[in-house]
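Q: One structure coming up, written as structure tokens, with questions to follow.
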Amino acid sequence: MKLRNALSAALLAAAGLAAPVAVAPAAHADTLICDQYGSTTIGGRYVVMNNRWGSSAQQCINVTGSGFRIQTQQGSTSGGAPLSYPAVYIGCHYTNCSPGTNLPRQLSRIGSAPSSISYTYTSGVFNASYDIWLDPTPKTNGVNQMEIMIWFTRTGNIQPIGGRVGTTSIGGRSWEVWQGNNGGNDVVSYVAQPTISGWSFNVMDFVNDVDNRTRVDRSWYLTSIQAGFEPWSGGVGLAVNSFSASVN
């Protein structure tokens with residue numbers, strides 16, 4: 001499964017690479033996951049993963065029927081890459097595909113991809129990161145060539161990969177736009193102005209903007225849609241209250 005690679009540039013967000021993840025049975029009641037790469041399924045269609053890739057300190061997430069909450073976070077780093085990327089997703093992530101998914105799917109064959117997310121924020125240094133992964137091939141394993149990151153909020157002295165290239169309006173909201181490469185894949189990041197704690201939107205609005213900015217075109221594939229957190233320090237109480245996504 002997905003292991004987030006450490007980055008050499010200080011105070012840059014990790015771009016969500018991958019690593020092996022242990023797959024657990026589907027969650028029927030609240031499930032506590034402390035295994036470094038432990039995961040489970042919820043709602044019969046989503047995967048929740050702990051993904052503590054950047055620290056040897058313990059991180060535990062409490063998985064609910066609709067999302068998860070960080071219950072224990074004992075790691076801390078003052079710069080560079082984050083400690084982890086606990087997240088919920090639909091699609092395929094290093095061979096771990098969510099139940100019944102129709103991803104990967106070619107962009108030319110997608111009419112819309114409605115999604116809804118609700119976050120709870122707390123103290124610490126972190127971002128709330130919503131990730132959209134694209135590749136020229138229908139890849140179910142390995143690193144994709146394009147990552148779209150939507151930062152719903154950020155705290156502390158952290159910033160996305162690369163440099164700020166301007167601002168834009170998507171879905172009736174204002175965003176800072178950043179572009180760069182983490183050494184493994186290209187990254188386009190959208191930073192909310194101001195913070196968003198909950199939103200319903202069309203994922204394809206962001207995909208179409210990236211299509212206009214980069215080498216991505218309609219022949220590429222959408223492989224997964226993910227929502228979670230990248231903590232640098234603190235983070236107990238951060239939660240994805242609910243997440244939904246579908247590809248039509």
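Q: Considering segment 214-234 alone, what residues qualify as being within 23 Å of residue 141 (Cβ to Cβ), surrounded by fewer than 21 Cβ atoms within 10 Å (Cβ to Cβ) and of a type in the set (Gly, Ala, Ser)?
A: Scanning segment 214-234 gives a single hit, 219.
Q: May I ask you to list pairs of residues, at least six apart or on different chains, whose Cβ atoms are under 8 Å apart, with the first in segment 139-151 being more than 15 Å from residue 222 (Cβ to Cβ) and the second being open to solvent by 30 Å² or more (accessible area, probe 1.4 Å)?
A: Final answer for the pair search is 141/94; 141/95; 142/94; 143/184.
Q: Run residue 169 past the list (1) closer than 26 Å to residue 118 by Cα; (2) within 16 Å of the chain's Cα centre (by Cα); (3) surrounded by fewer than 20 Cβ atoms within 10 Å (Cβ to Cβ) and report the number of the one that doesn't hold.
A: (2)
Q: Only residues that are assigned to a strand (DSSP E or B), open to solvent by less than 50 Å² (accessible area, probe 1.4 Å) and within 23 Å of residue 202 (Cα to Cα): list them for segment 92-124, please.
A: The answer is 92, 93, 106, 115, 116, 117, 118, 119.
Per-residue answers, yes or no, for (1) closer than 17 Å to residue 127 by Cα; (2) buried (at least 23 other Cβ atoms within 10 Å of the Cβ); (3) under 16 Å from the mean Cα position of the chain (by Cα):
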{"residue": "53", "(1), (2), (3)": "yes, yes, yes"}
{"residue": "57", "(1), (2), (3)": "no, no, no"}
{"residue": "63", "(1), (2), (3)": "no, yes, no"}
{"residue": "77", "(1), (2), (3)": "yes, no, no"}
{"residue": "80", "(1), (2), (3)": "yes, no, no"}
{"residue": "84", "(1), (2), (3)": "yes, yes, yes"}
{"residue": "90", "(1), (2), (3)": "no, yes, yes"}
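Q: Right, another one. So in segment 125-139, with the set limited to residues that are outside any loop (DSSP other than H, G, I, E, B) and either over 17 Å from residue 232 (Cα atoms) or among the β-branched types (Val, Ile, Thr) (or both), which one is most open to solvent (accessible area, probe 1.4 Å)?
A: Filtering segment 125-139 for residues that are outside any loop (DSSP other than H, G, I, E, B) and either over 17 Å from residue 232 (Cα atoms) or among the β-branched types (Val, Ile, Thr) (or both), the one most open to solvent (accessible area, probe 1.4 Å) comes out as 125.
Q: Given the structure, is residue 179 closer than 26 Å to residue 92 by Cα, over 16 Å from the mean Cα position of the chain (by Cα), part of a strand (DSSP E or B) and not basic (Lys, Arg)?
A: Considered against the rule, which asks whether it is closer than 26 Å to residue 92 by Cα, over 16 Å from the mean Cα position of the chain (by Cα), part of a strand (DSSP E or B) and not basic (Lys, Arg), residue 179 comes out as yes.
Q: Could you please find all residues in segment 172-213 being farther than 20 Å from residue 112 by Cβ and exposed (fewer than 15 other Cβ atoms within 10 Å of the Cβ)?
A: Correct list: 174, 181, 183, 193, 194, 195, 197, 213.
Q: Being open to solvent by 40 Å² or more (accessible area, probe 1.4 Å) and either assigned to a loop (DSSP other than H, G, I, E, B) or of a type in the set (A, V, I, L, M) (or both) is true for just one of 237, 142, 156. Which residue is that?
A: Within the list 237, 142, 156, the selection yields 156.
The values are calculated or read from the model by the stated rules, or taken from the named source; none is laboratory data. Predicted, not measured: the structure shown is a model, and the values here were computed from it. Cβ coordinates were reconstructed from backbone atoms using ideal geometry, including for glycine residues, and neighbour counts include every protein chain displayed. All accessible areas refer to the heavy atoms of the entire protein, side chains included, with ligands and DNA or RNA removed. Shrake-Rupley method; radii C 1.70, N 1.55, O 1.52, S 1.80 Å.
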